[in-house]
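A short worksheet on the structure shown next.
The values are calculated or read from the model by the stated rules, or taken from the named source; none is laboratory data. Note that this is a predicted model, so its numbers are computed, not measured. Cβ sites come from the backbone with ideal geometry, for glycine too, and all protein chains shown count toward neighbours. Surface accessibility is based on the protein's heavy atoms, side chains included, excluding ligands, DNA and RNA. Shrake-Rupley method; radii C 1.70, N 1.55, O 1.52, S 1.80 Å.
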Amino acid sequence: MSIESLVSRSALAVPSALLIITCGVLYVLGVRRLRARGRRWSIARSAAFGSGLLVLAIATQSGVAAYGHVLFSAHVVEHVAIGMVAPFLLALGAPVTLALQASSRPVQVRLLRVLHSRPVSLVTHPVVAWLLFGVTLFGLYFTPLYELSLENHVVHHLVHMHFLLAGSVFFWAVIGLDPVSHRIHYGFRLLLVMLTVPFHAFLGLALMVGDQPLARSYYERTARPDGAPLLADQHLGAGLMWAVGDLTGLVAGAVVLTQWMAHESRISRRADARQDRMLGAVR
């Protein structure tokens, strides 16, 4: 499988394409509405959200998706893009904050009511979000669900939706740009992000040292490009999962650490300003 074939070959998935286009249009409308009100929206946030949608488009509409049913390595690229890279970038885009700022007061009230509802509060609890995010990969690759997702298109799309939602909820909670029910300390956020790194390392290592291909019966009856060996392809996919998963985790950790340092700097400046006022009053 060459890079050229990944780029040139397409795999149009209408539901995914409609979801991506709808999210993009709504985000742009939100930015334009803020601008019409004389308020600015961060270009960096817009770029991050747009990049997240682009990653989703590549993972679901390009040759990556086309080869995802015949090559384990392509399947891994799909899932890492949908479940990690895209949710991280989307969270940096702060779409919920944009929706709240661009909406009318009645819509804001309804959105906040949903955000603080008991089901949403439970799912977005940082520990619950971390468990959903981390356990998802093990639940897929070490159960019959993986082979079923290859054979059944409905299950395949449901798995993708779960990956996207689990990743989005996790990064929504730990990046913290959008309002969440459980506001946690930056140190705990950083810990949760860093704890995702061993998950991908352990899973990648387990798949790399395994001597039995996953979904062997399915792959053996499926035409494969260039007759790619099953185990070699699985080891490639495991290496990609390990590398990209750890890299995304480290970048996310760097973002949280930067936020933490900026937060402490703001606290320090406020304390200095308060002390200056007190000294001025004494004089």
>> If a residue must be part of a helix (DSSP H, G or I), open to solvent by 20 Å² or more (accessible area, probe 1.4 Å) and over 30 Å from residue 259 (Cβ atoms), how many such residues does the stretch 120-160 contain?
In response: 10
>> Quick check on residue 191: is it open to solvent by 40 Å² or more (accessible area, probe 1.4 Å), at pLDDT 85 or above and not charged (D, E, K, R)?
In response: yes
> Checking residue 166 against (1) under 17 Å from residue 82 (Cα atoms); (2) at pLDDT below 90, which single condition isn't satisfied?
Replying inline: (2)
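Among 245, 253, which is the only one that is closer than 30 Å to residue 73 by Cα, in a helix (DSSP H, G or I), open to solvent by less than 30 Å² (accessible area, probe 1.4 Å) and at pLDDT 90 or above?
That would be 253, the only listed residue that is closer than 30 Å to residue 73 by Cα, in a helix (DSSP H, G or I), open to solvent by less than 30 Å² (accessible area, probe 1.4 Å) and at pLDDT 90 or above.
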> If you take the residues of the stretch 199-215 that are free of Cβ contacts under 8 Å to residues at least 60 places away in the same chain and part of a loop (DSSP other than H, G, I, E, B), which of them is least open to solvent (accessible area, probe 1.4 Å)?
Replying inline: 210
>> Which of the helices (runs of 4 or more DSSP H) found entirely inside the stretch 22-100 contain at least 3 residues meeting this: open to solvent by 40 Å² or more (accessible area, probe 1.4 Å) and not small (Gly, Ala, Ser)?
In response: 43-61
>> Just to verify a result, which residue in the stretch 161-193, among those that are β-branched (Val, Ile, Thr) and part of a helix (DSSP H, G or I), is farthest from residue 115 (Cα to Cα)?
In response: 193
